[in-house]
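S.K.: Questions regarding the structure given below will be posed in turn.
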Amino acid sequence: MKTFRHHLHEIIFEADTAIGKGFDVVLIFSIVVSVVLAMLDSVAAIQAVYGQWLYIGEWVFTILFTVEYLLRLFCVQRPLLYARSFFGVVDLLAILPTYLSVILPGGQYFIIIRVLRLLRIFRVFKLVQFLSEARLLLEALRASFRKIAVFLFTVMTLVIIFGALMYVVEGAANGFTSIPRSIYWAIVTMTTVGYGDISPQTDFGQALAAIIMIIGYGIIAVPTGIVTVELSQAVHRGVSTQACPACGSEGHDKDAKFCKYCGEGL
């Protein structure tokens, strides 16, 4: 049984063998087809003609993904660790909506979340260089989280102030019927989206809007600069495609001998 679980783990989790790579290629193809079926089912004209076939296809893929999820839990030594991991949660969410649709009409459309499983493509085709760059970017985002949080808090403070000012200056007569609606206008303006559904009519209001637009252009560069600095300081380390046989975690260093999440030997 131990040998069988080991071979099953190599097929399902690893991409170093031909059969393992073939399994993941078939899995990704199935994910793409199931997502396309879900999107087609939301088109009324297609659903009216092929609704029954789409329904059958949805259940076929859901059963296949259910079996695959159970096999993943079976072949790892610590199934609860894998179930709580990112891919473990995504795998579960990929099959739940169809079962929920039995008691909750329309719930099947949430299977679009299956597209997240396409992230496995980096491991399948052994694009280790992309895995390394993705890890580098993730480390930079984690390091800059507090700075970005302070930046966003500052932006929210500014839009509240500008929104309140525009509410006082323009008033309900010009579309600024409340402070929350004025804050919405300030956010749209500062982010340079500019829907145009609300616009200032007074001279002072237009001058204030011009100032907000200019500030918006300056604000766009701030988070980019923060992440760029952290990227330049991050250490570039190689990443392997090997998955932990116990918890199924990936993203280990090339020279790693033990899993950095559970300590199991690799």
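Laboratory data are not the source of any read-out in this text; all were calculated from the coordinates shown. Source: prediction; values computed, not measured. Here the Cβ is made from the backbone with ideal geometry for all residues, glycine too, and neighbour counts use every protein chain on show.
S.K.: Starting from the coordinates of the alpha-carbon atoms of the range 143-233, obtain the Kirkwood hydrodynamic radius over all distinct pairs and give the value in Å to one decimal. Walk me through the numbers before you get to the answer.
M.R.: Details: mean 1/r = 0.0722 Å⁻¹.
One over the average 1/r among Cα pairs gives 13.9 Å for the range 143-233.
S.K.: Could I ask something else about it? Could you check the simple spin-label distance between Y195 and R181, using points 7 Å along Cα→Cβ, in nm with one decimal?
M.R.: 1.2 nm
S.K.: Oh, and also: Could you work out how much longer the chain between L116 and S232 gets when fully extended? Use 0.36 nm per residue separation minus the Cα distance between them, nm to one decimal.
M.R.: So the chain would gain 38.9 nm between L116 and S232.
S.K.: In whole Hz and in residue order, list the ³J(HN,Hα) couplings for the range 63-77 that follow from phi through the Karplus curve 6.51 cos²θ - 1.76 cosθ + 1.60, θ = phi - 60°; x for Gly and Pro.
M.R.: 5, 4, 5, 5, 4, 5, 5, 5, 5, 4, 5, 6, 8, 9, 6
S.K.: Give the shape of the range 1-70 as rounded, prolate or oblate, defined through the alpha-carbon gyration tensor: a ≥ b ≥ c are the square roots of its eigenvalues, a/c under 1.5 means rounded, and otherwise the shape is prolate if a/b is larger than b/c and oblate if not.
M.R.: Numbers: a/c = 4.97, a/b = 2.61, b/c = 1.90.
It is prolate, given that a/c is not under 1.5 and a/b is the larger ratio.
S.K.: I would also like to ask the following. Using the Karplus curve 6.51 cos²θ - 1.76 cosθ + 1.60 with θ = phi - 60°, what ³J(HN,Hα) values do you get for each residue of the range 189-201, in whole Hz, with x for Gly and Pro?
M.R.: For the range 189-201, the Karplus-derived couplings read 6, 5, 7, 6, 6, x, 5, x, 6, 10, 8, x, 10 Hz, x marking Gly and Pro.
S.K.: Which three extents, in angstrom, do the Cα atoms of the range 2-126 have along their principal axes, listed largest first?
M.R.: 49, 28, 22
S.K.: Quick one: which residues, 5+ away or cross-chain, put their amide H under 5 Å from the amide H of G194? H built at 1.01 Å from N.
M.R.: T189
S.K.: Rounded to the nearest 0.05, what FRET efficiency do L152 and V25 have when you use their Cβ-Cβ distance and R0 = 45 Å?
M.R.: Efficiency for this residue pair is about 0.65.
S.K.: Ranking request for peptides 163-173, 196-206: highest mean number of other beta-carbon atoms within 10 Å first, then the rest in descending order.
M.R.: Numbers: 163-173: 17.5, 196-206: 13.7.
My ranking of the peptides, most packed first, is 163-173, 196-206.
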